[in-house]
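Q: Okay, handing you the structure first.
The values are calculated or read from the model by the stated rules, or taken from the named source; none is laboratory data. All figures in this text were calculated on a predicted structure; none of them were measured in a lab. Here the Cβ positions follow ideal geometry from the backbone for every residue, glycine too, while neighbour counts run over all protein chains shown.
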Amino acid sequence: MRDGDWIADTAAEIRGVLKVMVDAEWLPGGAAVVGTGNMWEFVTVGEVGPEPGPGSGPAQTAPDVRYDVASLTKVMATWPLVGRALADDVLDLDTPLSEYVAGGPFPAGEVTVRAILTHTSRLNPVAWLDPYVGTDRDLLESILSEPLDEPGYRPIDRGFILLGMLLERLLDGRLDRLAEETWRAAGMAATSYGPLPRSASVAPTGRRIVGAAPTWGVVHDEAAALMGGVAGHCGVFSTATDLGAFARDLLRAHGGEGGPSTFARFLRQSWRPQVVVDERRSRGLAWLVTGSGVVYHHGYTGTSLFMQPDAGRYVGLLTNAVHFGRRRPGLADLRAAARAAFAN
């Protein structure tokens, strides 16, 4: 199928699923970007949120509305900075973390960056950081001091929390500022960590407590909130426009534009299967990889990014599917529609 037809057909399919979800009041609205090469199309359905913005009523969503991308932070902020640290020769994927952190010995000091990226680190899979509130010990050292779990594959936010703090030390800067340098280089003008002002251009997520105001302009993830909204696993806000720019930048690097580089080699390695997840998927470095070569990642709030490197095609989804509760009905169908598009 020609690229133009593929974009139009995929956008129509996603628009239809989003309309069903909005009409059923499963979510307020959502935005998507579908593209390949120099062509893209945006899909917007519904409202930013049912609550009025300051001085106004509910606004229609748009390609420039910012959504909390949740765990897409792992691949939009932390993963690219791992590539930068590799290029700067201050990090190695297979060196134990104890080599980078003074003090110890640490029970989790043997964990490697590769193990974190493939979710085989054996770190505690529970992301709660409440036990460390009010203590005097450095959070990075506290996580490294926890006993390791049994071997195996399991998605672990704690690894990316740890990795974000380690990158700050190795690259000598705050995570949000380091990530911003990456985003601006890719032409992503609106992507940032929070907090953001409450407005019609920022989608509220969900209520942490029934009867309270929705989480709006601050990170939805509780662990990231305890860290001030800047963490390696969650905390980034982005738009459909910027998500498309991010996908384009990665696909250009994968295609060899700009010549060979440490980051391009890291990217290609990241998009190759490293650990089997199930009969349909493997984990690359941070990304999930299907048997048909589609790479993707999800965010809990209702976000996703799918790419097919060999075809140069991508689909980005941004919603606040948690707005009416954590069941997120219809989200699996929306993601399935995006994934199915790459079979065409």
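Q: Could you say whether any residue in the stretch 180-194 is of a type outside the set (F, W, Y), more than 23 Å from L317 (Cα to Cα) and surrounded by fewer than 19 Cβ atoms within 10 Å (Cβ to Cβ)?
A: Within the stretch 180-194 (the criterion being of a type outside the set (F, W, Y), more than 23 Å from L317 (Cα to Cα) and surrounded by fewer than 19 Cβ atoms within 10 Å (Cβ to Cβ)), the answer is yes, since at least one residue qualifies.
Q: Of the residues that make up the stretch 77-85, is at least one among the polar types (S, T, N, Q), under 28 Å from V289 (Cβ atoms), touching a helix residue (DSSP H, G or I) at 6+ places or on another chain (Cβ under 8 Å) and touching a residue at least 40 places away in the same chain (Cβ under 8 Å)?
A: yes
Q: Could you grab me the full set of residues in the stretch 88-144 that are exposed (fewer than 14 other Cβ atoms within 10 Å of the Cβ) and among the aromatic types (F, W, Y)?
A: Once the filter is applied, which keeps residues that are exposed (fewer than 14 other Cβ atoms within 10 Å of the Cβ) and among the aromatic types (F, W, Y), the stretch 88-144 yields only W128.
Q: Restricting attention to the stretch 153-178, report how many residues are under 21 Å from L288 (Cβ atoms) and not basic (K, R).
A: 10
Q: If F160 passes every condition in (1) within 30 Å of D64 (Cα to Cα); (2) touching an Asp or Glu at 6+ places or on another chain (Cβ under 9 Å); (3) of a type in the set (F, W, Y) but one, which one does it miss?
A: Of everything listed in (1) within 30 Å of D64 (Cα to Cα); (2) touching an Asp or Glu at 6+ places or on another chain (Cβ under 9 Å); (3) of a type in the set (F, W, Y), F160 misses just condition (2).
Q: If you scan the stretch 54-103, which residues turn out to be part of a loop (DSSP other than H, G, I, E, B) and within 20 Å of S270 (Cα to Cα)?
A: Within the stretch 54-103, D88, D89, V90, L91, D92, L93, D94, T95, P96 qualify.
Q: Consider T241 carefully, then state whether it is more than 22 Å from R114 (Cα to Cα), touching an Asp or Glu at 6+ places or on another chain (Cβ under 9 Å), touching a residue at least 24 places away in the same chain (Cβ under 8 Å) and among the hydroxyl-bearing types (S, T, Y).
A: Spelling it out, T241 is indeed more than 22 Å from R114 (Cα to Cα), touching an Asp or Glu at 6+ places or on another chain (Cβ under 9 Å), touching a residue at least 24 places away in the same chain (Cβ under 8 Å) and among the hydroxyl-bearing types (S, T, Y).
Q: State whether the residues of the stretch 248-262 include one that is under 26 Å from L166 (Cα atoms), modelled with pLDDT under 95 and assigned to a loop (DSSP other than H, G, I, E, B).
A: yes
Q: Being assigned by TED's automatic domain parsing to the domain that holds G330, within 25 Å of S199 (Cα to Cα) and not in a helix (DSSP H, G or I) is true for just one of V33, V22. Which residue is that?
A: V33
Q: Which one is nearest to A341 (Cα to Cα) among residues in the stretch 1-52 that are among the charged types (D, E, K, R) and touching a Phe, Trp or Tyr at 6+ places or on another chain (Cβ under 9 Å)?
A: Within the stretch 1-52, the match that is nearest to A341 (Cα to Cα) is E25.
Q: Of A77, A12, which residue is within 21 Å of D249 (Cα to Cα), modelled with pLDDT of 95 or more and of a type in the set (A, V, I, L, M)?
A: Exactly one residue qualifies, and that residue is A77.
Q: Further question on the same structure: Can you name every residue in the stretch 270-316 that is assigned to a strand (DSSP E or B), surrounded by fewer than 23 Cβ atoms within 10 Å (Cβ to Cβ) and among the charged types (D, E, K, R)?
A: Selection gives R281, R283.
Q: For the stretch 214-229, enumerate the residues that are closer than 25 Å to G187 by Cβ and either charged (D, E, K, R) or buried (at least 24 other Cβ atoms within 10 Å of the Cβ) (or both).
A: If the condition is that a residue be closer than 25 Å to G187 by Cβ and either charged (D, E, K, R) or buried (at least 24 other Cβ atoms within 10 Å of the Cβ) (or both), then V219 is the only one that fits.
Q: Now for a separate question. Name the residue, out of L144, L129, that is in contact (Cβ under 8 Å) with a residue 60 or more places away in the chain, under 18 Å from G232 (Cα atoms) and hydrophobic (A, V, I, L, M, F, W, C).
A: Of L144, L129, the one residue that is in contact (Cβ under 8 Å) with a residue 60 or more places away in the chain, under 18 Å from G232 (Cα atoms) and hydrophobic (A, V, I, L, M, F, W, C) is L129.
Q: Looking at (1) more than 24 Å from G37 (Cβ to Cβ); (2) part of a strand (DSSP E or B), find the lone condition where F324 falls short.
A: All conditions are met except number (2).
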